[in-house]
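Comments concern the structure below.
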Amino acid sequence: MLFGRRRKNPIKMADKGVTEWKYATCGYCSVGCSLEIGLNESKQPVTTRGVATAPVNQGKLCIKGLTEAQIFDAVGRGREPKLRDRIYGVWRETDWDTALDDVASKLKAIQDKHGRDSVAVISTGQIMTEEFYTLGKLVRGLIGTNNYDGNTTLCMASAVAGYKRSFGSDGPPGCYDDFQHTNCLLALGSNLPEQHPIIYWRVKEALEKRKFPIVCVDPRVTMFAQMADIHLPITPGTDLVLLNSLAYVILEDGLEDRTYIDAHTNGFAEFAAEVERYDPVSAAKICGIDEDSIRTVARLYGQAKPAMSIWTMGINQSTHGTDGVCAINNLNLITGNIGKPGGTSLSITGQCNAMGTREWSACSGLPGYRQLENPKHREEVGRFWNVDPAFFPTERGLFQTDIFPAIETGQIKGLWIVATNPMTSMPNSPRIRKTLEKLEYCIVQDAYEDVECTKFAHAYLPAAVWAEKEGCFTNTERRVNLTRASVPRFANSRPDGWIFSNLAKRWEHSTQMNFPESSEGIFEEMKLLSQGEKRMLDISGMTYDKIESTRGIQWPMPEGRASGTARLYTDGVFQFLDGKAKLLALPYVENNERPTNDFPFWLNSGRVVEHFHTRTKTGKVGNCNKFSPTPYMEMNPDAAKEQGVEHMSYVRLVSKRGDAVVMVQLTQRVPRDMVFIPFHFHECVNRLTLGLLDPYSRQPAFKQCAVRLEPIAQDEAAKWNQQLRDF
Ligand SMILES: Nc1nc2c(c(=O)[nH]1)N[C@H]1C(S)=C(S)[C@@H](COP(=O)(O)OP(=O)(O)OC[C@H]3O[C@@H](n4cnc5c(=O)[nH]c(N)nc54)[C@H](O)[C@@H]3O)O[C@H]1N2
Ligand SMILES: Nc1nc2c(c(=O)[nH]1)N[C@H]1C(S)=C(S)[C@@H](COP(=O)(O)OP(=O)(O)OC[C@H]3O[C@@H](n4cnc5c(=O)[nH]c(N)nc54)[C@H](O)[C@@H]3O)O[C@H]1N2
Ligand code: SF4
Ligand SMILES: [Mo]
């Protein structure tokens, strides 16, 4: 018998004719959801579904994962390698051998004339770990430029630098399971429901079983702020003051964990002396919140035992991004909340393989968290690759944000861009455009040829994307998960790993080195390099089959171990020589561009759930793009009234760098003196941003600068956009 809804109005699922399901890990964000791609009879991808037995997502997917089968043959995919003699000139399609010969000979010619470091490589957090490792081998072992970095400098660099300063090594110590155990969750500058929907679902699931308080620190009333128990809408860029003040109250009230501090940390005296300057009355004024809230949150956190903190771009993308991360680590060290179930300092990462690049790409050092500065590490890797260690630089080269100024000054003449789109994602895009125009030779290697950077390229290499190739991603909780090659490669595109190892053949010394053919072969090689005494990043106990059957394994997993490791530092032993973590004194220096009479609004930027970054994928998926097809900004209705601006009208925003035109969405989500623009749109928010840099991580402060606005008519807005498109 049929009851209720089923009887009245049965839901019919379209039969997509799936004949086979293939295992993959989502290629968008760092949550790392396990999914299966449904192939039809002709082996074409037609749909995706979550994997019910996966520890991360237990069958769930967000809108991006659910529509991901549509990215393979989306408009704009690159079909053939292409070359041309000058930017803005006419492209000619070519074959792979000719394209790779051209790339190698041009890079060598520039290096011969101007020195090895005159070419730069900028990579990504979105290719497979095995591909990162191969790129590292090519750049460090053959091309030999030290100016090799990635878009993680726009993203996770402050978290990496902060972990290194506090714990002596990168590596997020916690995991998603911590939500099940914590008694207090402090979230700073992170909007989980939109940016990490399935981690958010894990939080909600934990809350259903057991209530614990959530504190959300964000100048906007985000979806996360709306469900939090306490929302602290602080003045942009003042998290460090708040965190120092929380520590002040914890010490004042004697809520610190003395035994943990004495046994596992250094630097308490200097730290306590600095924190002494951040009494809640003074701090509240700087942070734009009240004294009472600071005391309440500090006591809540100090008494919770265990308590945990998570953070994302609201912390990292700031002039004190790294100090903010260290201040979060300080808070957790003084309360003994590291390496405990429910007690941790968990940086929520961004891209699907932001972790893989940190671990294996060698872009800030050598593979496996090894450092260029360490002679033993240079020796180990040199021997393993059969490269003279003297060929490696002895310290890291320029960061992505310093590579562009070095192009401006003529120090760098050639640039290879792999799977990133700096024309849209770097701050101050008018300056980036001029910089790219100066290059003697620019290579763009992207799955989509309509990516904005291609305009400035001399060579375009069409890459295979996601499940068109095989390999691993590492997610936020250090879980290595697999994507099987299950979809036919689009047109004449090639996996990035294939491009790297075939380009390598153009360097003579490559015959003395090993570039395995298969991803699994590369993974087996990486396993050998991951082993060793005191090596935290040990993956030697993993195999592709084990990863697939368990739906992802958390490193470390040394050989012989039956499973991965949920948490780091459970024994309180850190990666500094004496095994102790560092409590750091972190003075706050106010150095942001702030609103003035001429530029009265804070400009904040970030993301929305339906889009991913510069929209090379989601912009073409109807069920994602339809929710926000037009560049827009959030504006407070009271401020709009004062400025004579109406809902759905257009405004021109002006900063000291440039201007941009957006549609207005009135919402109480933002305070009166702030506007917020999702950064997904080309020629939009980053025409305005300043991007002052954090001194340690060189990460731009994307989220803080000042703008003014002028209402403009719809036809003028259309004309403005057309002009940019024609350019
Ligand atoms: N849907 C979707 N999901 C994504 C991505 C995507 O493009 N789309 N990208 C992925 C990537 S690479 C990343 S890095 C993550 C980013 O994930 P999130 O960091 O969560 O996303 P954002 O929207 O950039 O920024 C989060 C919040 O920081 C707040 N913020 C601004 N200034 C400050 C401040 O001074 N202090 C504090 N405490 N908060 C502030 C903003 O108001 C915003 O709500 O998302 C990942 N997931
Ligand atoms: N104003 C402002 N700016 C920001 C941010 C912000 O919050 N505000 N956030 C910053 C952050 S956190 C990040 S991570 C950056 C992201 O900035 P980008 O890295 O520039 O953004 P994406 O659009 O993800 O670029 C990735 C490119 O790789 C291509 N691609 C995807 N998969 C593959 C593949 O397998 N192989 C190859 N070769 N190509 C592939 C895609 O088509 C796309 O062109 O933006 C930063 N910029
Ligand atoms: S939460 Fe992230 S990993 Fe999971 S389906 Fe959505 S985009 Fe993919
Ligand atoms: Mo990111």
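The values are calculated or read from the model by the stated rules, or taken from the named source; none is laboratory data. As the structure is a prediction and not an experimental result, all values here were calculated from the model. Neighbour counts are summed over all protein chains in view; Cβ atoms, including those assigned to glycine, are modelled from backbone coordinates with ideal geometry. Note: accessible area is taken over every heavy atom of the protein model, side chains too, but ligands, DNA and RNA are not part of it. Shrake-Rupley method; radii C 1.70, N 1.55, O 1.52, S 1.80 Å.
Which residue, chosen from Asn151, Leu346, Asn636, occupies the Cα position most advanced towards the positive end of the dipole of the chain, where the dipole is computed from +1 (Lys, Arg) and -1 (Asp, Glu) charges on Cβ about the Cα centre?
Most positive-ward Cα: Asn636.
Find the lysine pairs in the range 157-347 meeting two conditions, Cα atoms under 28 Å apart and a separation of 8 or more places or different chains, and report how many there are.
Taking the Cα cut-off of 28 Å, the pair count is 9.
Straight distance only, please: which aspartates and glutamates reach the Cα of Lys64 with their own Cα at less than 13 Å, same-chain residues fewer than 8 apart left out?
Within the straight-line limit of under 13 Å, Lys64 reaches these aspartates and glutamates: Glu194, Glu610.
Any idea what the relative contact order of the chain is, in percent, if you count C-alpha pairs under 8 Å spaced at least 6 apart?
On the way: 1647 pairs, mean separation 138.5, N = 727.
That works out to 19 percent.
Whole-Hz Karplus ³J(HN,Hα) for the range 342-359, in order, using 6.51 cos²θ - 1.76 cosθ + 1.60 and θ = phi - 60°, x for Gly and Pro?
Listing the rounded values in order: x, x, 6, 10, 10, 6, 7, 7, x, 7, 3, 10, 4, 6, x, 5, 4, 6 Hz.
Once the whole set of protein chains is in place, how much accessible area is left on Phe515, using a 1.4 Å probe, in Å² to the nearest 10?
Approximately 40 Å² for this residue.
Taking each pair of different alpha-carbon atoms in the range 18-71 once, compute 1/r for the pair, average those values, and report the inverse of that mean as the Kirkwood hydrodynamic radius in Å to one decimal. Spell out each step's value before the answer.
Working: mean 1/r = 0.0911 Å⁻¹.
After inverting the mean inverse Cα-Cα distance, the result is 11.0 Å.
For every helix of n ≥ 4 consecutive DSSP H residues, a contribution of -39,500 (n - 2.57) applies; sum these over the chain, divide by its total residues, and give [θ] at 222 nm rounded to the nearest 500 deg cm²/dmol.
-9000 deg cm²/dmol
Where does each of Lys60, Lys438 land when they are ordered by accessible area, with a 1.4 Å probe and the largest first?
Numbers: Lys60 80, Lys438 115 Å².
So the residues, ranked largest to smallest area, are Lys438, Lys60.
Computed over the Cα atoms of the range 157-347, what is the convex hull's projected area averaged over all directions, in nm²?
Numbers: hull surface 37.8 nm².
That works out to 9.4 nm², a quarter of the Cα hull's surface.
Given the protein chains as shown and a 1.4 Å probe, how many square angstrom of Arg378 are accessible, to the nearest 10?
40
Among the listed pairs Lys434/Lys617; Lys106/Lys413; Lys505/Lys527, which are separated by more than 19 Å between their Cα atoms?
Over 19 Å Cα-Cα: Lys434/Lys617; Lys505/Lys527.
Going Cα to Cα from Lys137, which aspartates and glutamates come in below 13 Å? Please leave out same-chain ones fewer than 8 positions away.
Asp388, Glu525
Would you check the accessible area of Cys352, probe 1.4 Å, heavy atoms only, in square angstrom rounded to 10?
10
What is the range 609-715's relative contact order, in percent, from Cα pairs under 8 angstrom and six or more apart in sequence?
On the way: 188 pairs, mean separation 31.4, N = 107.
Worked out over the range 609-715, it gives 29 percent.
Among DSSP beta bridges lying fully in the chain, give the percent that are antiparallel, nearest 5.
Within the chain, antiparallel bridges account for around 50 percent of the total.
Going by accessible area, probe 1.4 Å, with all protein chains left in place, what is the ranking of Ser34, Ser519, largest first? Please list the in-between numbers first.
On the way: Ser34 0, Ser519 25 Å².
Putting Ser34, Ser519 in descending order of accessible area: Ser519, Ser34.
With the full set of protein chains in place, find how many percent of the accessible area of the range 100-190 is carbon and sulfur; take the probe as 1.4 Å. Display every interim value, and only then the final one.
Details: 810 of 1740 Å².
That share works out to 46 percent.
How much of the calculated P(r) for the chain lies past 45 Å, in percent of all Cα pairs?
That tail contains 19 percent of the Cα-Cα pairs.
Ordering Leu584, Leu568 from largest to smallest accessible area (1.4 angstrom probe), what's the sequence?
Numbers: Leu584 35, Leu568 5 Å².
In descending accessible area the options line up as Leu584, Leu568.
Give me a comma-separated list of calculated 3J(HN,Hα) values for the range 220-237, in order, Karplus coefficients 6.51, -1.76, 1.60 applied at θ = phi - 60°, integers in Hz, x for any Gly or Pro.
9, 8, 6, 4, 5, 4, 5, 8, 6, 7, 10, 10, 10, x, 6, 4, x, x
Starting from the exponent 0.38 and prefactor 2.2 Å, build the expected Rg for the range 333-490 from its residue count and divide its actual Cα Rg by it.
Numbers: Rg = 19.0 Å, N = 158, 2.2 N^0.38 = 15.1 Å.
Normalised by 2.2 N^0.38 Å, the Cα Rg of the range 333-490 equals 1.26.
Would you grab the residues whose amide H sits under 5 Å from the one on Ile412? Only those 5+ places off in sequence or on another chain, please, with H modelled 1.01 Å from N.
Ile407
Can you order the peptides 414-424, 597-607 by their average number of other Cβ atoms within 10 Å per residue, highest first?
414-424, 597-607
Using the Kyte-Doolittle scale, which helices in the chain average at least -1.0 and also have C-alpha atoms spread 24 Å or more along the helix axis, with helices defined as whole DSSP H runs? Each step should come with its number before you reach the end.
Details: long enough: 96-114 (27 Å, -0.69).
Within the chain the helices that satisfy the rule are 96-114.
How compact and how long is the range 601-723, expressed as Rg and Dmax of its alpha-carbon atoms in Å?
Taking only Cα atoms of the range 601-723, I get Rg and Dmax of 14.4, 45 Å.
Could you let me know the centre-to-centre spacing of the range 649-701 and the range 370-385, using Cα atoms, in angstrom?
If we compute the Cα centre of each part, the gap is 42 Å.
Looking at the range 157-347, send over the antiparallel percent of its DSSP beta bridges, to the nearest 5.
Details: 1 of 15 bridges.
Expressed as a percentage, antiparallel bridges in the range 157-347 total about 5.
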